[in-house]
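A.B. asks: Below is a structure I'd like to ask you about.
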Amino acid sequence: MLENPRLRPPGGTGWLAWLRNYRAAWLSGDVTAGLVVSVMIIPQSMAYAMLAGLPVEIGLYASMLPLVGYALFASSMTLSVGPVAVTGLMTASLIAPLAPAGTELYLQLAIWLALLSGAMLFILGLLRMGFLANFLSHPVISGFLSGAALLIIFSQLPHVFGLAALPHTPAQLADQWRPVNSLVTAMGLISLGWLMYARTRLAGHLVRFGLHVGVARLAARLAPILVVVLGIAATAGFDLAERGVPVVGDLPAGLPSLQWVTPDWSHLRVLLIPAALISLVSFVESVSLAQSLARRKRESIDPDRELLALGAANACAGMSGGFAVCGGLSRSVVNMEAGANTPLASIIAAVIIALIVATLAPLFPHLPLVVLATIILVAVTPLIDLVSLRRAWEYDRAEGLTLLLTALGVLVFGIEGGIILGVCLSIASQLWRGSRPHVAVVGRVPDTQYFRNVNRHLVEIEPHLLAIRIDENIFFANTKAVERALLDAFNDYPDTRHVLLILSAVNHIDSTGLDMLSELTEGFAERGVRLHLAEVKGPLMDQLTETDWISQQVGEVFPSTHIAFNTLANLKSEEPAKTE
C-alpha cells in the first residue's frame, strides 16, 4: 500500500527538514503567503506590544527573526508564530510586579523572559518532552484563554473610549467612566464598528459582488490594514496628535541590534517560574493550533520538533530585542489560506517586514493608539469560548466547572493563579472520578461468549461463582471503594465459593491497592472461598508475577472470562465452603 507523503512531516527530522524535499511548485504559494501575512502581522504585532506594556516597535522586532528561528526546526507547514494577545498579556502580568512599565528594567525583563522561555523550550525539545502538551486539558486551556480575553478586553477599554485613567478593577472602571476626549471615542467606535463588520459580514458581501470566496476571506482578514492606513492619514493630515489623540510617537530608526543588557541575578531568578508558565502555555496553544491546521491538509506534526522550533523562535525574539512569541490563530489561518506550503512563507514574511520597518518606519509615529486597541479587542473576542463551556457543561459537569472556574481564577487571581487553579481542578476531577470506580457483577449472555452487567442485561450466572469486573485502575484513592463494592457483591451472593476478578480494564494496581486485595483474599480464604483472576493485561501481570499475592494467595489466572466460567463451574462441587 502506497503511503501518502502528506501524512507525516516532510523531510523527516532535524533542522530545515522541510527544505530537503522542497518542490519548485510550492514557491509561488509561499511567496504569496509571506507577502499577505507580513502585511497582516505589522498592526497586530504593534498592538500586542502595547498590550504587553512595551514600546510598539518591540512587537515589530518580535515579528522578524523569530519567524526565521521557528522555520529552522518546524514540523508544521503552516503555523505562523509571532506576538499574540496571550503572550502579551502574560508578559505584562508576569513582569508588572518586578518593574514599572515603560522603564528600561521592564524592557530588559521582557527580553530575558523570552530568552529564558526559549532556552526552556529548546531543552525540553532535546529531551523529547513533547508529551507535556497533554498536561493541560482542553477545559483548562479554554478557561484560561476565556479569562485572559476578558482581562485583555477590560485593559483596552480605556484606550478605546479615551478614559481619564486606566482602572485596575471593574469597580474603578465604573467610577472613572468619564471620556475626556470625544475625538478618541469617535475614532474608537468607528474603528471597532468597521473591524467587527469585516470579521462577520464583509467576506459574504464581497462574494455577492462577484469576488472569489478565498480572496474575499483574505480581504476580510486584512481589514485592520485599512484601519491603520486611515488612522495614520487622519492623524497626519489633521494634526490630531495636537488635539489630544494619543499616538505611537517616534520609533527608533532601522532594524534591531542583536544585543541586550543582563539584569541582576535576583531578577533573573524571579523570572524562572514566569518563564516556565509562559513556555507551557505557548507550547500547548501552538501545538493544538498546529495539529488543527495539519489535519486540514492531511499532514502531521512532531511535538518534539515544535518544542525545538518554539524554543528557537523565542530565543531569537530575545536576541533581537523582542518579547515572547507563539503560534497565532488568525495569522496561521491566513498563512494557510494564502497558499503557504512550507515554513519558507514565514521566512519571506520576516524579510518583507524587515524591509517595511526599514523604509516606512517614519509613518508609524502618526498611528493612533486607539486603532491598536480596537485591533486587540476584535482579535481577542473570539477567545471567549462560550461554545466549549456549554458543550462541556452538558456532557460533563466536572469539566464544565473546571473551565468556568479557571476563567474566573484568571480574572480574580491573575495569570499564574488561574493556570494553577485550572491544573489543580483537573487533577482533582480525575482523582474524584478514580475514587468512584465502576464495579459490576457480570454474567454470560445466553448462548454466547460475552459477559455483561447483571443489572443491565439478561444474563446467566453460576450459583457458586461470583464474577466481578473492575473498570478502573486500583490505587490509593479508590481502594476503600473497590473493597466495599467487592464485599457488598459477596454478601449479595452468599453461596459463592469462587470469586473471579475480571481485570480487563485495569492497567495498574499500586501498593495500597495490592495490600487491600491481599487482605481481601485472606478474608475470602477464611470463609473457604478462592479468588481467581481473568484477562490480566501483560504489563500488569509482569508486575504482579513477582508478588506473594499471585504466587501464594490467588487461585488461577485465566486468559479469558469464558474459559474461567467453564472451568470454575465444574469446580463448584469440589471445594465446599467453610462455615464460620
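A.B. asks: I'd like the FRET efficiency for Arg527 and Asn507, computed as 1/(1 + (r/R0)^6) with the beta carbon distance as r and R0 of 35 Å, rounded to 0.05.
C.D. replies: Numbers: r = 30 Å, r/R0 = 0.85.
Plugging the Cβ-Cβ distance into 1/(1 + (r/R0)^6) gives 0.70.
A.B. asks: Grab the other residues whose beta carbon is less than 12 angstrom from that of Thr406, score K and R as +1, D and E as -1, and report the net. It would help to have the intermediate numbers written out before the result.
C.D. replies: Values: positive: none; negative: Asp385, Glu399.
Value of the local net charge: -2.
A.B. asks: Here's a follow-up. So who's got an amide H within less than 5 Å of the one on Val247, skipping anything under 5 residues away but keeping other chains? H placed 1.01 Å off N, in plane.
C.D. replies: Amide H to amide H, under 5 Å and 5 or more residues apart or across chains, Val247 pairs with Leu369.
A.B. asks: Specify the inter-centroid distance of region 310-367 and region 202-226, based on alpha-carbon positions, in whole Å.
C.D. replies: Centre-to-centre (Cα) distance: 23 Å.
A.B. asks: Still on this structure, I have one more. Once phi is turned into θ = phi - 60°, what whole-Hz ³J(HN,Hα) does the Karplus curve with 6.51, -1.76 and 1.60 give for every residue of region 221-226, x standing for Gly and Pro?
C.D. replies: For region 221-226, the Karplus curve yields 6, 8, 4, x, 4, 5 Hz.
A.B. asks: Give, in nm to one decimal, the length gained when the segment between His562 and Thr200 is fully stretched (0.36 nm per residue of separation minus the Cα-Cα distance).
C.D. replies: Details: separation 362, 0.36 × 362 = 130.32 nm, distance 5.96 nm.
Between His562 and Thr200, full extension yields 124.4 nm more.
A.B. asks: Which ³J(HN,Hα) values, rounded to whole Hz and listed in residue order, are derived for region 147-156 from phi using the Karplus coefficients 6.51, -1.76 and 1.60 in 6.51 cos²θ - 1.76 cosθ + 1.60 with θ = phi - 60°, glycine and proline given as x?
C.D. replies: With the stated coefficients, region 147-156 comes to x, 5, 4, 5, 4, 5, 4, 4, 6, 9 Hz.
A.B. asks: Amide H of Tyr450: which non-local residues (sequence gap of 5 or more, or other chain) have their own amide H closer than 5 Å, using H built in the peptide plane?
C.D. replies: Val445
A.B. asks: Sticking with this one: What net charge do the residues around Glu483 carry, taking every other residue with its C-beta under 12 Å from that of Glu483, with Lys and Arg at +1 and Asp and Glu at -1?
C.D. replies: Numbers: positive: Lys480, Arg484; negative: Asp488, Asp515, Glu519.
Counting the neighbours of Glu483, the net charge comes to -1.
A.B. asks: Now for a separate question. Which whole-Hz ³J(HN,Hα) couplings does region 331-346 yield from phi under the Karplus relation 6.51 cos²θ - 1.76 cosθ + 1.60, θ = phi - 60°, glycine and proline marked x?
C.D. replies: Going residue by residue, I get 5, 5, 5, 4, 4, 5, 5, 7, x, 4, 10, 8, x, 4, 4, 5 Hz, with x marking Gly and Pro.
A.B. asks: May I ask you to derive the relative contact order of the chain, considering only C-alpha pairs under 8 Å and at least 6 residues apart, and to give it as an integer percent? Before the final figure, lay out the partial values.
C.D. replies: Values: 1039 pairs, mean separation 129.8, N = 580.
Relative contact order of the chain: 22 percent.
A.B. asks: Can you compute the charge dipole magnitude of region 439-569 about its Cα centre, using +1 on each Lys and Arg Cβ and -1 on each Asp and Glu Cβ, nothing else charged? Give it in debye, rounded to the nearest 20. Working shown, then result.
C.D. replies: Details: 10 positive and 19 negative charges, 77 e Å.
Value, rounded to 20: 360 debye.
A.B. asks: Pick out, from Pro446, Thr547, Pro463, the residue whose Cα sits farthest towards the positive end of the charge dipole of region 439-569, with +1 on the Cβ of Lys and Arg and -1 on the Cβ of Asp and Glu.
C.D. replies: Looking along the dipole axis, the top candidate is Pro446.
A.B. asks: Can you put Glu522, Glu416 in order of Cβ neighbours within 10 angstrom, beginning with the fewest? Display every interim value, and only then the final one.
C.D. replies: Details: Glu522 12, Glu416 16.
Going from sparsest to densest Cβ surroundings: Glu522, Glu416.
A.B. asks: Sticking with this one: Report Rg (one decimal) and Dmax (nearest whole number) for the chain, counting Cα atoms only, units Å.
C.D. replies: Final numbers for Rg and Dmax: 30.5, 103 Å.
A.B. asks: Can you give the convex hull volume per residue for the Cα atoms of region 439-569, as a whole number of Å³? Could the numbers behind the result be given before it?
C.D. replies: Values: hull volume 12.7 nm³, N = 131.
Taking the convex hull of the Cα positions in region 439-569, it is 97 Å³ per residue.
A.B. asks: Here's a follow-up. How long is region 509-569 along each principal axis, judged by its Cα atoms, biggest number first, in Å?
C.D. replies: Each principal axis gives a Cα extent; for region 509-569 these are 31, 31, 15 Å.
A.B. asks: All other residues with a Cβ under 12 Å from the Cβ of Ala379 taken together, and with Lys, Arg as +1 and Asp, Glu as -1, what is their net charge? List each step's numbers first, then the result.
C.D. replies: On the way: positive: Arg199, Arg221, Arg331; negative: none.
Every neighbour counted, the sum reads +3.
No lab work stands behind these numbers, since they all come straight from the coordinates. Here the structure is a predicted model, which is why all the values come from computation and not from measurement. FYI the Cβ positions are ideal-geometry reconstructions off the backbone, even for glycines, and counts take in every protein chain you see.
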